Structure formats: structure tokens, C-alpha cells
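See below for the structure under consideration.
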Amino acid sequence: MRPQREKLRHGVELAGMYITPPCRRRGFGRALLEAAVAHTRALAGVRQVKLGVNAANAPARALYQSLGFVSYGVELGALLFDGRFHDEERYLLRFEALA
Ligand SMILES: CC(C)(COP(=O)(O)OP(=O)(O)OC[C@H]1O[C@@H](n2cnc3c(N)ncnc32)[C@H](O)[C@@H]1OP(=O)(O)O)[C@@H](O)C(=O)NCCC(=O)NCCS
């Protein structure tokens, strides 16, 4: 998702990463994320990608960290599902930090 507001348009938000359970741990998640980042890098004027992940989601956090995403904070109680609040960790990937 790319914001419309001029001061925010250099940053896009990634959401909806999902691999069906039988296909997990076979490299598809990494391939999907790499493709999404490559696509985003090709967009004129885009300099960074942000995303949020359930702070208890160890597989997804490991995947994002392995591609260079850096945590910049946790929003307590940001997510509400199954009648409970869950913390969301925020991640940022700045293209200038990549080779
Ligand atoms: C997170 C998700 C997209 C990963 O997809 P995947 O295809 O299984 O991931 P890959 O096989 O490409 O693995 C890439 C890396 O993710 C991490 N990872 C994936 N599954 C993991 C697990 N069960 N435990 C720990 N790390 C894991 C590892 O760092 C892994 O690298 P490695 O294989 O070199 O150790 C997948 O588990 C998923 O769809 N989960 C449910 C939805 C979700 O949580 N989406 C993210 C919302 S922000």
C-alpha cells in the first residue's frame, strides 16, 4: 500500500503475507517477500518498506529480520482478534541500507 500524501509517498506498507500451511518451510515465503521488495524498489520515488507483525509470530519475525528489516518499535495491543489484544512489532527496510 502506498500513501497518497506527499510527505509519506516514499514509504510503502507491506501487508497480507501468507503461505498456506502445507507449503510452509519450503522457501516460498522468502521468495514472495524478495519479489515484493524487488517490485517495490523498482517503483519510482519509493525508498522504504514498512510492515507490522504480531510480536508473538516468531516465524514471520525471523523471515523479515533475515531480509534486513529492522524493528523500530512495538505497539501494545494494536491487534484485536479472538477477543484478545495482541502486540504488533513494526519493521522497516530502507533501500539505502541494502547493497
Ligand atoms: C511467515 C510465513 C509467510 C513464512 O513462509 P514460509 O514459506 O514458511 O517461509 P520460508 O520457508 O521461505 O522461510 C524463510 C525464513 O522464515 C523463517 N521461518 C519460517 N518458518 C519458520 C518457523 N516455523 N520457525 C522459525 N523461523 C521460520 C526462517 O528464518 C526461514 O529461513 P530459513 O529457512 O533459512 O531458516 C508463513 O509461515 C505464513 O504464511 N505464516 C502465517 C501468516 C503470517 O504469519 N504472515 C505474516 C504476517 S506479518
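Quick note: the coordinates plus some simple rules give every number you see, no bench work behind them. This one's a predicted model, so the numbers in the text were calculated from it and none came from an experiment. Cβ: placed from backbone, ideal geometry, glycine included. Neighbour counts: every protein chain shown.
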Item to check | Helical mean residue ellipticity (222 nm; -39500 (n - 2.57) per DSSP H run of 4+; nearest 500) of the chain | outcome: -7000 deg cm²/dmol
Item to check | Within region 1-72: Cβ-based charge dipole about Cα centre, in debye rounded to nearest 20 (Lys, Arg +1; Asp, Glu -1) | outcome: 20
Checklist entry - When the label point is put 7 Å from the Cα of ARG5 along its Cα-to-beta-carbon vector, which residues of region 66-85 have a backbone N closer than 17 Å? => result none
Item to check | Relative contact order computed over region 6-97 (Cα-Cα under 8 Å; 6+ residues apart), in percent | outcome: 29
